[in-house]
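Undergrad: Please read through the structure below; I'll follow up with questions.
The values are calculated or read from the model by the stated rules, or taken from the named source; none is laboratory data. If you're wondering where the values come from, they're calculated on a predicted model, not measured in any experiment. Cβ atoms come from the backbone with ideal geometry, glycine included; neighbour counts cover every protein chain shown. Accessible surface is based on the protein model in full, side chains and every heavy atom, while ligands, DNA and RNA are left aside. Shrake-Rupley method; radii C 1.70, N 1.55, O 1.52, S 1.80 Å.
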Amino acid sequence: MFLFGKGQNKKDLFLLPYQVGDKWGLADTLGNIKVKPQYDEMIDFSIEPRKHGNTPPYSFYYVRKNNEIFFIDAGNNRYFKDYEIVKSQNNERGVFFKKNGKIGIQSPFFEDGKWKLVGDPSSYKYDNIYTYPQTNSLFTFVEINKKEGLMFYNGEIIIPVEYDSISYTKSQDVWEFSAYQLDGSKKITQTKKYTKRIDLPPPPGILKNKNANLLERKEMDALYKESYNLINYKHVYYYRDRIPAIVKDNNSEKFGIVATFKPEKIDFLYDDIFAVEYHVSGEKERYKAYAFKKGNSYGLFDRSENKYLPYPDQYDLIEQKYYTANDINSSAPPYEMPYLVFSKKNKYGADNFNIKLFNMIPFEYDDIIDRNIIIKNKMFGIWDNTPFRMVHIAPKYHSKPKLIKEISLPKGKTFVFEVLNKENKKIWVYRNGLELYKGL
């Protein structure tokens, strides 16, 4: 149903926002316009692609025309005309439904062949709703007659709407709020405390108890050295696990690596041997590999039975890096992920080997950041060859691509990014490199 890296096939599965000049419409992922650009702003959208047979795609779009915000589907049909739709105060893509001058807590849902609003129909009583800054969308302010309350992301009212100001402190997973009543001169007349404990599950692939000492090289004590038959060496090191042991020759100062408890022979061939991280998976430990420096070259070891053998490919440099990942569809906090980049002849890329690097990048770039952001001639793009989420965007943009929409497909995911083009205009780009913009 979907051709990764090629956009979509001839049968349209879903439509994406597409801008021509200053007007917005809809186009397929090959850039063919399906809804004539006629709207002044594309505020937000949700893509639910066709899954099987004649099941329609349940996609919708919030668009603005003049001073009105409309809810339309992929066929440009408008729904919920009896409601006013308003933008969130502090979320550029957030919207709310409004009735009789009051904001409610309902959202669109496609059921039994038509669009409906689900949620509490009696909730239309708020003058304003907006996300509490710096709480990662976990908490929302609600206002009635200039009084504030606080709502959890699932709709639970944590603080009733009867206070003039609310502040918080956070320790671990416990949030402590102070709600204040103020007099006419804005002096505090009453304070009440509220506590909310949040036990969010760890983000996918992240350990609850991260071992911060994984990359710390430690000296093996005499007891272990003796039991491993390494007592004659002054310096024996390890990275978390006692085996493999990194042994430094007493005379040559060269390093060797051993994977057995009582090695018969150690090849002291390397100027240094060190551990690197390259992935985290589920509740398992962080994956690690062992790298070496030999003269002006770097390489990785492959474990074969009880031996660590160097891969044939060698590099000018192996860099251990980390990036901060954040699921834009979740309230979970950001989390750290490790990755590796390699340099050959002053160009950066990534090889796969037998270790699970997942993302292989050609050696064509001046730098690689955030795991898959490629840089060439000071311009940014993305190269991601990860199965079921391939993204190939050429490095031709002034800004680092910013993920604005993650779309789940029957197999894998697809993405829309915001970039700054050569004319310094913010535009959207689909994961296959298609610019969702055309100038007049």
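Undergrad: Can you name the condition, by its number, that Ile166 falls short on among (1) open to solvent by less than 60 Å² (accessible area, probe 1.4 Å); (2) touching a Phe, Trp or Tyr at 6+ places or on another chain (Cβ under 7 Å); (3) in a loop (DSSP other than H, G, I, E, B)?
TA: Failed condition: (3).
Undergrad: Considering only residues that are among the small types (Gly, Ala, Ser) and under 12 Å from Phe141 (Cβ atoms), which ones fall in the range 155-166?
TA: Correct list: Ser165 only.
Undergrad: Take the residues of the range 29-48 that are assigned to a strand (DSSP E or B) and within 16 Å of Glu435 (Cα to Cα): which is least open to solvent (accessible area, probe 1.4 Å)?
TA: Once the filter is applied, the top-ranked residue is Met42.
Undergrad: Is it true that Val118 is in contact with a Phe, Trp or Tyr (Cβ under 8 Å, 6 or more places away or on another chain), of a type in the set (A, V, I, L, M) and surrounded by 15 or more Cβ atoms within 10 Å (Cβ to Cβ)?
TA: It is false that Val118 is in contact with a Phe, Trp or Tyr (Cβ under 8 Å, 6 or more places away or on another chain), of a type in the set (A, V, I, L, M) and surrounded by 15 or more Cβ atoms within 10 Å (Cβ to Cβ).
Undergrad: Just give me the residues in the range 216-267 being in contact with a Pro (Cβ under 7 Å, 6 or more places away or on another chain) and among the small types (Gly, Ala, Ser), in sequence order.
TA: The answer is Ala259, and nothing else.
Undergrad: Still on this structure, I have one more. Can you tell me how many residues in the range 381-425 are among the basic types (Lys, Arg), touching a residue at least 24 places away in the same chain (Cβ under 8 Å) and part of a strand (DSSP E or B)?
TA: Looking only at that region, the number is 3.
Undergrad: Follow-up question, since we're still on this one. Exactly one condition in (1) farther than 23 Å from Ile369 by Cβ; (2) among the basic types (Lys, Arg); (3) in contact (Cβ under 8 Å) with a residue 60 or more places away in the chain is false for Lys288; which is it?
TA: (1)
Undergrad: Could I ask something else about it? Hey, does the range 80-88 have a residue that's without any contact (Cβ under 8 Å) to a residue 60 or more places away in the chain, under 28 Å from the mean Cα position of the chain (by Cα), over 30 Å from Lys411 (Cβ atoms) and assigned to a loop (DSSP other than H, G, I, E, B)?
TA: Within the range 80-88, one or more residues are without any contact (Cβ under 8 Å) to a residue 60 or more places away in the chain, under 28 Å from the mean Cα position of the chain (by Cα), over 30 Å from Lys411 (Cβ atoms) and assigned to a loop (DSSP other than H, G, I, E, B).
Undergrad: May I pose another question? Out of the range 388-440, which residues are of a type in the set (Gly, Ala, Ser) and open to solvent by 60 Å² or more (accessible area, probe 1.4 Å)?
TA: Ser408 - this is the single residue of the range 388-440 that is of a type in the set (Gly, Ala, Ser) and open to solvent by 60 Å² or more (accessible area, probe 1.4 Å).
Undergrad: Which residue out of Asp199, Asp127, Asp183 is acidic (Asp, Glu), out of contact with any helix residue (DSSP H, G or I) (no Cβ under 9 Å at 6 or more places or on another chain) and without any contact (Cβ under 8 Å) to a residue 24 or more places away in the chain?
TA: None of the others qualify; the one that does is Asp183.
Undergrad: Could you list all residues from the range 121-155 that are open to solvent by 50 Å² or more (accessible area, probe 1.4 Å) and modelled with pLDDT of 90 or more?
TA: Passing the criteria: Pro121, Ser122, Lys125, Asp127, Asn145, Lys146, Lys147.
Undergrad: Among the residues of the range 203-239, what is the count of those that are of a type in the set (A, V, I, L, M), under 34 Å from the mean Cα position of the chain (by Cα) and either at pLDDT 90 or above or open to solvent by 80 Å² or more (accessible area, probe 1.4 Å) (or both)?
TA: Final tally of qualifying residues: 1.
Residues checked against (1) within 37 Å of the chain's Cα centre (by Cα); (2) open to solvent by 10 Å² or more (accessible area, probe 1.4 Å):
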{"position": "Lys248", "(1), (2)": "no, yes"}
{"position": "Ser252", "(1), (2)": "no, yes"}
{"position": "Ile257", "(1), (2)": "yes, yes"}
{"position": "Pro263", "(1), (2)": "no, yes"}
{"position": "Phe274", "(1), (2)": "yes, yes"}
{"position": "Tyr278", "(1), (2)": "yes, yes"}
{"position": "Ala289", "(1), (2)": "yes, no"}
{"position": "Ser304", "(1), (2)": "yes, yes"}
{"position": "Pro312", "(1), (2)": "yes, yes"}
